[in-house]
């Protein structure tokens, strides 16, 4: 199955898997199956992510959207276009595993049938950093020559010598006969050394949970079979594939197993960058990274295990030593150890950039920790700033200008628009909810840019344009302009009538509580006046928004105002509700 | 009461003062009078027109109860007419002017009119001067006076203006205490209709209904 059902977000963009990043977007793209156009898949947007190439239809995005997992891609081709024929990028599926022997006739495929097999288990060890890398799936030791493209080492980025990889591949094939033995496993363990006695790579027995040495194939305790690290990796890769929803399958001939190739036809350019990034993505193969072994944890000689990573044995060994120091001295000691640990972590991470990339997670966690510590001192950390400090996690799904092809401003704006809408409606962040369902565009701009963590900031002009596109793109948020010109953002389901109704309900509630002991008017009948500040507090709006909402309600005749020395208060509109007493003449 | 100066102080007998005081005590304000936003002119046109109507009704009924035929805005501002002391809310001079101005327009039913000669009207309006409050329009007053003349069978007799507005005979009538200028106007209406005639010179006019 080459084409997969695609999950879309509320903003009709592909919902990304964990760890997946968006690389490129291009509009006005059509799909071909082999030589033929696929009906209903002729005008849409192509999204290239680190894991997939997706097509989202323009007119019927929910129905006609497909994704191709890059791990299923055997080969890709580029056609530059000629006269009226648009440039195209062709993706050839990998032969299916069960059919592998029966498809030797796949036209133009350089890899012989058994080629996929070694890819599963073969690893080559980088001679420079001794990181064990997977051999490319389409690498065939027999056919390989100097021009065969080789992926660089995932850890240090240096290309291996060809002979090295060939040796590894051959070794893997010859080792396949005893399948229980994880090939090249020793290298893997070498690549993850540990100064302390325990091996972070130790294999946990699925039956008795005993931690076995990684080179063992059966459990020392119970004799049960152990999962090999390679198969673990496979499992993880399969999980990515399975993460998609079991939604209704496509009712077109697309489902056919016999898809020869899928072509993306680029009618409005962008094919070059798309192809460039596609090639990079296929080389980087981020979907494998998820199962890559964690980088070894640096341990200072003083032996302070980070809580999250310390193994049980380690902890017990350390406990007596740690318990000796108590009180303030103990706290100080712990702070010192923590700092030392951080220092080592930062030092090792910035030593070279590749290492930084691999240890990005730890560094981000550290940065967030620093940020939260810095925030602790200042009292002014509102919800919004707390939100902004989650910037690292918000980085996942951003559209930046260089992701988009053909330099078309409108595509950038529309993507930004979707991006924004998605970010706003994301329930886990609940940005709009925290702001009472409505926030000013300026506030949103600030929060959004902060969430982007200081990179690829959006200009106010682009931001406003993007916000104005929500209506056109039928997204679940809308931009609203108050009479004073204030622009606010709110959910589409939120109408003036609803706002007025909620305001009136609130004012109705005020009839039951005496505003002040010396209140002179009949508060049981009239309730009391509210200021914009009170409304802002009650509904969680900003004061500007509250003022505008109250004035909107006044405009509609539901409220009336009272200008006092302490500012304007808004009341239920008894001026209209009470009948005018006509003087009896 | 004197601050409103509705009555010519020289001609006001002591009994008048007592009657008006009791009227003041027993006067019941309309419920809207105790609604604080009533004292802020509303920006919303619909609410505003409703509010102006309420104000007009309030001013008319207040003036009727207190036998006020004209008010001077500046003097009337601190009185209960425009100031609700219990709520400590008051209509500002500007808003009061706006209210009276609205009453003087067609929308307000011509229930008020700035006093003074032609040239002075604008001045009175801008400075918040005096205005007639027509809880009855001059035409209506003419009718009321005519009815009274009919009822008391005084057609054909000559009445002095003093008799009409100040004498004991009219004490129970609504137009008792009416200012001379307004009375002249009302009688002018009757004259125009050919139902009355005014005799005499300045200060000692008489009127005859027929």
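When residues of segment A:538-555 are filtered for being assigned to a helix (DSSP H, G or I), over 11 Å from residue A:503 (Cα atoms) and within 36 Å of the chain's Cα centre (by Cα), how many remain?
Adding up the residues that qualify gives 4.
Answer yes or no: is there a residue in segment A:543-551 that is surrounded by fewer than 21 Cβ atoms within 10 Å (Cβ to Cβ) and at the interface with another protein chain (Cβ under 10 Å from one of its Cβ atoms).
Taking segment A:543-551 as the starting set, the residues that turn out to be surrounded by fewer than 21 Cβ atoms within 10 Å (Cβ to Cβ) are A:543-544, A:551.
Next, only the ones that are at the interface with another protein chain (Cβ under 10 Å from one of its Cβ atoms) stay: A:551.
Looking for residues that are surrounded by fewer than 21 Cβ atoms within 10 Å (Cβ to Cβ) and at the interface with another protein chain (Cβ under 10 Å from one of its Cβ atoms), one finds at least one in segment A:543-551, hence yes.
Is it the case that some residue within segment A:511-520 is within 13 Å of residue B:36 (Cβ to Cβ), more than 9 Å from chain B (Cβ to nearest Cβ) and touching a residue at least 40 places away in the same chain (Cβ under 8 Å)?
No, because not a single residue in segment A:511-520 is within 13 Å of residue B:36 (Cβ to Cβ), more than 9 Å from chain B (Cβ to nearest Cβ) and touching a residue at least 40 places away in the same chain (Cβ under 8 Å).
Please work out which one of (1) more than 20 Å from residue A:431 (Cβ to Cβ); (2) in a helix (DSSP H, G or I); (3) more than 14 Å from every other protein chain (Cβ to nearest Cβ) is the condition residue A:500 fails and give its number.
(3)
Residue-wise test of (1) within 19 Å of residue A:285 (Cα to Cα); (2) modelled with pLDDT of 65 or more.
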{"site": "A:97", "(1), (2)": "no, no"}
{"site": "A:107", "(1), (2)": "no, no"}
{"site": "A:114", "(1), (2)": "no, no"}
{"site": "A:121", "(1), (2)": "yes, no"}
{"site": "A:126", "(1), (2)": "yes, yes"}
{"site": "A:139", "(1), (2)": "yes, yes"}
{"site": "A:144", "(1), (2)": "no, yes"}
{"site": "A:148", "(1), (2)": "yes, yes"}
{"site": "A:153", "(1), (2)": "yes, yes"}
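Could you tell me whether any residue of segment A:413-427 is part of a loop (DSSP other than H, G, I, E, B) and under 30 Å from residue A:570 (Cβ atoms)?
Narrowing segment A:413-427 to residues part of a loop (DSSP other than H, G, I, E, B): A:426-427.
Next, from what is left, pick out any that are under 30 Å from residue A:570 (Cβ atoms): none.
Among the residues of segment A:413-427, not one is part of a loop (DSSP other than H, G, I, E, B) and under 30 Å from residue A:570 (Cβ atoms), which makes the answer no.
How many of the residues making up segment B:155-178 are closer than 16 Å to residue B:208 by Cα and surrounded by fewer than 17 Cβ atoms within 10 Å (Cβ to Cβ)?
Matching residues across segment B:155-178 total 7.
What are the pairs, 6+ residues apart or on separate chains, where a residue within segment B:27-38 that is more than 7 Å from chain A (Cβ to nearest Cβ) has its Cβ under 8 Å from a residue that is at pLDDT 85 or above and in a loop (DSSP other than H, G, I, E, B)?
B:27/B:66; B:29/B:80
Filter segment A:554-585 down to the residues that are surrounded by 23 or more Cβ atoms within 10 Å (Cβ to Cβ) and either more than 7 Å from chain B (Cβ to nearest Cβ) or at pLDDT below 85 (or both) and list them by number.
Within segment A:554-585, A:558, A:559, A:570, A:572, A:575 qualify.
How about segment B:44-66: which of its residues are farther than 13 Å from residue B:134 by Cα and facing another protein chain (nearest Cβ under 7 Å)?
Listed by number, the residues that qualify are B:44, B:46, B:47, B:50, B:51, B:53, B:54.
Looking for something at pLDDT 85 or above and closer than 20 Å to residue A:434 by Cα - is there at least one such residue anywhere in segment A:504-522?
Among the residues of segment A:504-522, at least one is at pLDDT 85 or above and closer than 20 Å to residue A:434 by Cα, which makes the answer yes.
Filter segment B:58-75 down to the residues that are free of Cβ contacts under 8 Å to residues at least 60 places away in the same chain and either surrounded by 19 or more Cβ atoms within 10 Å (Cβ to Cβ) or touching a strand residue (DSSP E or B) at 6+ places or on another chain (Cβ under 9 Å) (or both) and list them by number.
Kept after step one, since they are free of Cβ contacts under 8 Å to residues at least 60 places away in the same chain, are these residues of segment B:58-75: B:58, B:62, B:65, B:73-74.
Once the filter is applied, which keeps residues that are free of Cβ contacts under 8 Å to residues at least 60 places away in the same chain and either surrounded by 19 or more Cβ atoms within 10 Å (Cβ to Cβ) or touching a strand residue (DSSP E or B) at 6+ places or on another chain (Cβ under 9 Å) (or both), segment B:58-75 yields B:58, B:62, B:73.
Among the candidates A:79, A:47, A:41, A:55, which residue alone is modelled with pLDDT of 80 or more, assigned by TED's automatic domain parsing to the domain that holds residue A:278 and over 15 Å from residue A:278 (Cβ atoms)? Reasoning before the result, please.
Values: A:79 fails: over 15 Å from residue A:278 (Cβ atoms); A:47 fails: over 15 Å from residue A:278 (Cβ atoms); A:55 fails: over 15 Å from residue A:278 (Cβ atoms).
Selected residue: A:41, the only one of A:79, A:47, A:41, A:55 that is modelled with pLDDT of 80 or more, assigned by TED's automatic domain parsing to the domain that holds residue A:278 and over 15 Å from residue A:278 (Cβ atoms).
Is it the case that some residue within segment B:111-123 is in a loop (DSSP other than H, G, I, E, B), in contact with a helix residue (DSSP H, G or I) (Cβ under 9 Å, 6 or more places away or on another chain), more than 10 Å from chain A (Cβ to nearest Cβ) and at pLDDT below 85? Full working, then the answer.
Residues of segment B:111-123 in a loop (DSSP other than H, G, I, E, B): B:111, B:115-117.
From what is left, the residues that are in contact with a helix residue (DSSP H, G or I) (Cβ under 9 Å, 6 or more places away or on another chain) are B:111, B:115-116.
Among the residues that remain, those that are also more than 10 Å from chain A (Cβ to nearest Cβ) are: B:115-116.
Still in the running and at pLDDT below 85: B:115-116.
Yes, segment B:111-123 has at least one match.
The values are calculated or read from the model by the stated rules, or taken from the named source; none is laboratory data. All values reported here derive from a predicted model rather than from experimental measurement. All Cβ positions, glycine included, derive from the backbone under ideal geometry; neighbour counts span all protein chains shown.
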